[in-house]
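S.K.: Starting off with a structure, shown below.
Derivation of every value follows stated rules applied to the coordinates shown; laboratory data play no part. Here the structure is a predicted model, which is why all the values come from computation and not from measurement. Methodologically, a virtual Cβ is constructed for each residue, glycine included, from the backbone with ideal geometry; neighbour enumeration extends over all protein chains shown.
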Amino acid sequence: MLRVEGLRSAYGRIEAVKGVDLDVARGEIVALVGANGAGKTTLLRAISGVQPITAGRILHDGEPIEALAAHARVARGIAQVPEGRQVFAPLSVEDNLRLGAFRRGRSETDATLAEVFALFPVLAEKRALPAGGLSGGQQQMLAIGRALMSRPRLLLLDEPSMGLAPLLVDQILASVVRLREGGMTVLLVEQNASAALAVADRGYVLETGRIAHAGTGQALLDDPRVREAYLGI
């Protein structure tokens, strides 16, 4: 579904992504792990179209999309859940979700809203409350739900465990697994390497803008180099 070839991206003169190649097959969870500053978020933003690239190709369903604007990539079925959740705090939970469906009609939006509420029942309970009053875990559910409202086929998920207690991390990642079981394809960026690789079909380790290791989630968990450098074992 997604192939990245020789991707480079920079902030001014500082190159953050240095010739990355990766692919994501339909129906997979692929984890992208690494230390802070490795380039994970930059790579995800480049795929979704909000970060310019300086070289390389991004293929979605075999077609190049690197020249498309971000909204056109959403129309193709790509949605990103941003780092830090970035919900619209004064708006209600339901209004936040409906904003994710800005390209779709009312009847389609209502049907998808019901699906999101089924995945995250707590959002249904709090649908009329301001999003800023939710807990961190509930805001992460809201951010995921908002992305799902566009009916994506490829979900780009950036640091969903950030600032959450371990139990909430487990709940969020369990919801990602349920999405995959329903046919969703997920590219998961995560600093919590052990949690991400435990649910991933495959993974890549990014190190200073380059892919350092790649393999199945279990193989990377068992790799002594990865265990020492990223899992603290």
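S.K.: If you scan segment 22-68, which residues turn out to be over 24 Å from Val176 (Cβ atoms) and assigned to a strand (DSSP E or B)?
M.R.: Ala55, Gly56, Arg57, Glu63, Pro64
S.K.: Determine which member of the set Ala89, Ala38, Ala46 is in contact (Cβ under 8 Å) with a residue 40 or more places away in the chain and either under 20 Å from Arg202 (Cα atoms) or surrounded by 14 or more Cβ atoms within 10 Å (Cβ to Cβ) (or both).
M.R.: Numbers: Ala89 fails: either under 20 Å from Arg202 (Cα atoms) or surrounded by 14 or more Cβ atoms within 10 Å (Cβ to Cβ) (or both); Ala46 fails: in contact (Cβ under 8 Å) with a residue 40 or more places away in the chain.
On inspection, the qualifying residue turns out to be Ala38.
S.K.: Go through (1) in a helix (DSSP H, G or I); (2) over 20 Å from the mean Cα position of the chain (by Cα) for Leu113 and report which single condition fails.
M.R.: Just one mismatch for Leu113, condition (2).
S.K.: Pick out the one residue from Gly217, Gly182, Gly203, Gly163 that is loosely packed, with under 15 Cβ neighbours inside 10 Å, touching a helix residue (DSSP H, G or I) at 6+ places or on another chain (Cβ under 6 Å), of a type in the set (Gly, Ala, Ser) and within 30 Å of Ala118 (Cβ to Cβ). Outline the logic, then answer.
M.R.: Values: Gly217 fails: loosely packed, with under 15 Cβ neighbours inside 10 Å; Gly182 fails: touching a helix residue (DSSP H, G or I) at 6+ places or on another chain (Cβ under 6 Å); Gly203 fails: loosely packed, with under 15 Cβ neighbours inside 10 Å.
Only one candidate qualifies: Gly163.
Residues checked against (1) among the aliphatic types (A, V, I, L, M); (2) closer than 25 Å to Arg76 by Cβ:
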| site | (1), (2) |
| --- | --- |
| Ala124 | yes, no |
| Leu129 | yes, no |
| Leu148 | yes, yes |
| Leu156 | yes, yes |
| Met162 | yes, no |
| Val169 | yes, no |
| Leu197 | yes, no |
| Gly209 | no, no |
| His213 | no, no |
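S.K.: Let me ask something else about it. Take Val4 and decide whether it is farther than 23 Å from Leu231 by Cα and surrounded by 15 or more Cβ atoms within 10 Å (Cβ to Cβ).
M.R.: Working: farther than 23 Å from Leu231 by Cα: yes; surrounded by 15 or more Cβ atoms within 10 Å (Cβ to Cβ): yes.
Considered against the rule, which asks whether it is farther than 23 Å from Leu231 by Cα and surrounded by 15 or more Cβ atoms within 10 Å (Cβ to Cβ), Val4 comes out as yes.
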